[in-house]
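Derivation of every value follows stated rules applied to the coordinates shown; laboratory data play no part. Being a predicted model, the structure only gives us computed values, none of them experimental. Reconstructed Cβ throughout: ideal geometry from the backbone, glycine too, with neighbour counts over all protein chains shown.
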Amino acid sequence: MPVFTKQNRYWRLDRKISRALGFPLCVMLCTASLGATAFADSFSTEQRSEIVQIVRDAMVKDPTILQDAISAWKADQQHQQEVTNRQAIAANRPQIYNAMDPSVGPAKANVTVIEFYDPRCPYCRQVDPMLSLWQQHDPDLRIVYKDLPILGPPSVIGSQAALAAERQGAYMPFRAALMASPPNIDSAMVHRISDELGLNWTKLQKDMNDPAIAQRLADNEQLAQKLGIQGTPGFVVGDQLVVGSSLTDVQAAADAARKSAKQ
């Protein structure tokens, strides 16, 4: 137990605290979490109060202590989230890599990017041309599309129509036309695109209302929830989850997946 004298209390406390709790102590003290087991076992109430004052004085003199503690806490939280993501991806791999999903690129590509997207999502529309260009210039890249219409009924209409068009071999051109059109998707827009692509409009309408398509969309939503995807676009690449429209982040995940596969 530390001996608290005016001469030695600071450095002895510092050594004791470092051994017991490590660097995140500052955050714990600031949030008044003094009831933690490590503290209760090591220090009396009077000693814990003194520790609080010592740390407060130190942070006043050097605010970077708190900044460093927060950075360490954030890094730990990010690490924990990455572990959770990897576990969720591993647990749902058969649903993630569903052979029925539309895709572009070779089936045996050395990296596969799974995109959860909403046809009306502005961020999905922003990254889509860059994804297409990347795929065109990377012969070993496969992109799989999972329709996730979360932005209301117009999104549902668009996703239903794209999956219905897939039954006529036209998912990709139909999807491209949707993504290039105004976001207020309705039946008239779907009809126009169908005519422009030379599809059977009667069949498309019927297939849009097929319960099997509704089930596919429901399955995608359920899978997104299991993976912790709360918005679009969301990407699964290897054992990583990338949320947002940063192509740089998606490509970095693809590079990591390729590197891991070679090991």
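Given 25 °C and 0.890 mPa s, how large is the Stokes-Einstein diffusion coefficient of region 78-211 in µm²/s, with Rh as the Kirkwood radius over Cα pairs? Answer from the Stokes-Einstein relation: 154 µm²/s.
Taking amide H atoms as placed 1.01 Å from N in the peptide plane, the amide H of residue 111 lies under 5 Å from those of 142, each 5 or more residues away in sequence or on another chain.
DSSP assigns beta bridges within region 93-262; of those with both partners inside it, close to 60 percent run antiparallel. If the chain linking residue 201 and residue 75 were pulled fully straight, counting 0.36 nm for each residue of separation and taking away their Cα-Cα distance, it would gain 40.1 nm.
For the listed residue pairs 206/226; 108/259; 74/146; 108/146, the alpha carbons are over 28 angstrom apart in 206/226; 74/146. Using the average count of surrounding beta-carbon atoms within 10 Å as a protection proxy, the listed peptides 61-68, 155-162, 225-232 rank, highest first, as 155-162, 225-232, 61-68.
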